[in-house]
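The values are calculated or read from the model by the stated rules, or taken from the named source; none is laboratory data. This is a predicted model, so every value here is computed, not measured. Glycine also receives a Cβ, built like all others from the backbone with ideal geometry; neighbour counts cover every protein chain displayed. Side chains are part of the model used for accessible areas, which takes the heavy atoms of the whole protein and leaves out ligands, DNA and RNA. Shrake-Rupley method; radii C 1.70, N 1.55, O 1.52, S 1.80 Å.
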Amino acid sequence: MSATAKKSAPLPDDIRARKGGEPLVSLTAYTTPMAQLMDAHCDFVLVGDSVGMVLHGLPSTLGVTMEMMILHGQAVSRGLSQSMMVIDMPFGSYEESPEQAFRNAARLMRETGAAAVKLEGGVEMAPTIAFLVKRGVPVMAHIGLTPQSINTLGGYKVQGRGAAGEALMADARAVTDAGAFCVVLEKVPEVLANAITQDVDIPTIGIGASADCDGQILVVDDMLGLFTAFKAKFVKRFANLGEGAEAGIAAYAAEVRARSFPASEHVFGDTAPETK
């Protein structure tokens, strides 16, 4: 491959084959420009239902619809050429039955071009995962803290502490046996995340889990300091773009009120040729 050649986007089987190898890199994306920025750096990009909170101001992910996911999935797909796109199945789109899950997963993939879907749940969702995989739908599983279940989990709490670790291990084994090509571990104790990573033969993707997972994912607006409504312990701010953006907006407002913007270089004369 030449120095200027672009890599092709991996497929779910390529992600699965990375078990125990170089760590997998992932972020969420909801727009074309953000997808373009991360395309060369991520192995896969997740169109997450976190879009409801990050971009739409919803209090949780529960209000996210299929139409919202499709709209943002189409936007992200326009910005990717090297990274695989995975899309979240929103709350209520897959829990009723495997048949419901297949209809909605097929629609998401067909209308967005996503290579795979992600759904939340362990043992209880394993039959649905198996149903989808047998019908050509690659599935990324998600266990531990599952945000769509916060009302039954009692909020955004760490999952799998103490005796509850056995149930989470059972979840990991169930989704692996059902055919998921990888599994997200969210907000689980480090020791348990390491044990699961060693136990299952598919990659584990950590978010508030362990550096020894097979990969990591973060919400991009969290790690760039754009979403500041709250900050989870597991989020590292790699930039503080929100602060810079607010400063820029304040400077703009001040210049408008002072009538110093637009200046002469930003307006057009009657005779000079127009420039962009």
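Computed quantities for the displayed model
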| quantity | calculated |
| --- | --- |
| Residue match in the range 85-100 (condition: open to solvent by 40 Å² or more (accessible area, probe 1.4 Å) and more than 16 Å from VAL117 (Cβ to Cβ)) | no |
| Test: ALA229 is crowded, with 23+ Cβ neighbours inside 10 Å, in contact with a helix residue (DSSP H, G or I) (Cβ under 9 Å, 6 or more places away or on another chain), in contact (Cβ under 8 Å) with a residue 40 or more places away in the chain and part of a loop (DSSP other than H, G, I, E, B) | no |
| Near pairs, Cβ below 9 angstrom, 6+ apart or cross-chain, from the range 132-149 (closer than 13 Å to THR176 by Cα) to any residue that is modelled with pLDDT under 95 and part of a loop (DSSP other than H, G, I, E, B) | ILE143/GLN159; ILE143/GLY160 |
| Of residues in the range 252-269 being assigned to a helix (DSSP H, G or I) and surrounded by fewer than 11 Cβ atoms within 10 Å (Cβ to Cβ), the one farthest from the chain's Cα centre (by Cα) | SER264 |
| Of the criteria (1) in contact with a helix residue (DSSP H, G or I) (Cβ under 7 Å, 6 or more places away or on another chain); (2) surrounded by fewer than 17 Cβ atoms within 10 Å (Cβ to Cβ); (3) farther than 24 Å from ALA178 by Cα, which one VAL219 fails | (2) |
| GLU96 being more than 26 Å from SER210 (Cβ to Cβ) and of a type in the set (Asp, Glu) | yes |
| Verdict on ASP43 being closer than 27 Å to ALA130 by Cβ, open to solvent by 10 Å² or more (accessible area, probe 1.4 Å) and touching a residue at least 12 places away in the same chain (Cβ under 8 Å) | yes |
| Residue, modelled with the lowest pLDDT, within the range 154-185, restricted to residues that are surrounded by 15 or more Cβ atoms within 10 Å (Cβ to Cβ) and more than 25 Å from ASP13 (Cα to Cα) | TYR156 |
| Qualifying residue in the range 199-218 (condition: over 20 Å from PRO23 (Cα atoms) and among the small types (Gly, Ala, Ser)) | no |
